[in-house]
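Written out below as structure tokens is the structure these notes cover.
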Amino acid sequence: MEASSSTSHDPALFHAPLLHHPRRRSSRPLKGFAVIIGSVVFLLSLVILIVNQSPEPLASNPRSVTEAGSYSMAAQPRGIAEGVSAKSNPSLFDKVGYNWTNAMFYWQRTAYHFQPQKNWMNGPLYHKGWYHLFYQYNPDSAIWGNITWGHAVSKDLIHWFYLPLAMVPDQWYDINGCWTGSATLLPDGRIVMLYTGSTNDSVQVQNLAYPANLSDPLLLQWLKYPGNPVVVPPTGIEDEEFRDPTTAWLGPDGSWRIAVGTRFNTTIGTALVFQTTNFSDYELLDGVLHAVPGTGMWECVDFYPVAINGSVGLDTTALGPGIKHVLKASLDDTKVDHYAIGTYDMITDKWTPDNPEEDVGIGLKVDYGRYYASKTFFDQSKQRRILYGWVNETDSEADDLEKGWASIQTIPRSVLYDNKTGTHLLQWPVEEVESLRLNST
């Protein structure tokens, strides 16, 4: 461009050559033309090289190549009615978003966020020196479906070991998926796990499971209670909008409580409270823990105490003065996690936000990025409350199928009440993340 710019105003270029002085043919245009041709050939060669490096479709990949290099999917993106995944909604992009290569797959995988070895990625707990992470997992594909419970353990919340699947959908009450659940540690050392199962009729019910061997630090085997389901949708609650039981907390009357997310009249997000003494028989309490009009279905509800003048986390059962309660809900309509801080009345089992204008679903978000289905647990070994969140990429389902995996867990964060604002939570990566650093400046 610089050469043509320097000669475009040469007066000689605007005059015809004199007949008695024939103009000498210049070789410069030919050289420029040769450079252009060479550049085009180089670019074409580069494109061909990139195309040849593209991986062959995986045998388990249900897509087929069609005309013009586009792809068709054996299973198009599903609607909300078929799942609770942020990627179950119809996508504007039904083609692969990029010409993926194996090298790209490699560098896209995280180095220290938890994610499964492959495919699609519930109740975390600490037991006998090990942190346990149970996660929703599709062993067959990189898209939502056939949800089982994957299982991994860690000594430091950073380096994880994959263990055999903890639970698979093999009973009538969970044949359509073992969905989100929560672990509760009982005072006598027992562990109970409540989880949502989708039945053979696609009814969402709550089921009970427990470790086969409590002396096993890795909790490799889990048993499902023979009397499942232990909780079914109450009258007036939609069969497919009743899920994700919380960790249980102990009331002043000696009974345990759990909350389950649902909705009323399709628009009122709600958390119901059930009471139990043995975790196999439950009673629905009058009223609701809390409800917010216009927020739609609440899923992955989390409910836990925070000390207003403390620097440590609290067990879920903690009650009394100097304590506030956090209520968090994942909004199915918007795929956003919201929370609010308020007061829990342990006699009426009602929760009231400190600021109604910043209520659950209309105020603070747990995270303002792409973040969903978060869950906390109390780490009794270090007296802290730890928060996990699920992150899915902005890739389409077609991209996920091509990659062969999808989504990660965030780096775990410690959670405290913010004494400075009195309205927010403080979140910070767990101290173990410092082990990833080589030095400090």
Practice item. Taking GLY342 as the residue in question, decide whether it is part of a loop (DSSP other than H, G, I, E, B) and under 23 Å from LEU331 (Cβ atoms). Key: no
Check your understanding: Right, ASP239: surrounded by fewer than 16 Cβ atoms within 10 Å (Cβ to Cβ) and touching an Asp or Glu at 6+ places or on another chain (Cβ under 9 Å) or not?
Key -> yes
Review point. Do you know which of the residues in region 319-339 that are part of a loop (DSSP other than H, G, I, E, B), in contact with a strand residue (DSSP E or B) (Cβ under 7 Å, 6 or more places away or on another chain) and within 21 Å of THR267 (Cα to Cα) is least open to solvent (accessible area, probe 1.4 Å)?
Key: ASP332
Exercise for review: Being open to solvent by 10 Å² or more (accessible area, probe 1.4 Å) and either assigned to a strand (DSSP E or B) or closer than 11 Å to VAL230 by Cβ (or both) is the filter here, so list the residues in region 276-292 that pass it.
Suggested key: ASN278, SER280, ASP281, TYR282, GLU283, LEU284, HIS290, ALA291
Revision key, fill the gap. The correct count of residues that are surrounded by fewer than 21 Cβ atoms within 10 Å (Cβ to Cβ) and modelled with pLDDT under 95 in region 375-395 is 5
Check your understanding: Could you count how many residues in region 225-244 are touching a Phe, Trp or Tyr at 6+ places or on another chain (Cβ under 7 Å) and either outside any loop (DSSP other than H, G, I, E, B) or modelled with pLDDT under 95 (or both)?
Key -> 2
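From the list THR295, THR316, exactly one residue is within 26 Å of TYR195 (Cβ to Cβ), modelled with pLDDT of 95 or more, open to solvent by 10 Å² or more (accessible area, probe 1.4 Å) and not in a strand (DSSP E or B). Which is it? Explain how you work it out, then say what you get.
Working: THR295 fails: open to solvent by 10 Å² or more (accessible area, probe 1.4 Å).
After ruling out the rest, the residue left standing is THR316.
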Check your understanding: Looking at region 147-158, is at least one residue modelled with pLDDT of 95 or more, part of a loop (DSSP other than H, G, I, E, B) and open to solvent by less than 10 Å² (accessible area, probe 1.4 Å)?
Key -> no
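The values are calculated or read from the model by the stated rules, or taken from the named source; none is laboratory data. Here the structure is a predicted model, which is why all the values come from computation and not from measurement. Cβ sites come from the backbone with ideal geometry, for glycine too, and all protein chains shown count toward neighbours. For the accessible areas, the whole protein counts, side chains as well, though only heavy atoms, and no ligand, DNA or RNA atoms are used. Shrake-Rupley method; radii C 1.70, N 1.55, O 1.52, S 1.80 Å.
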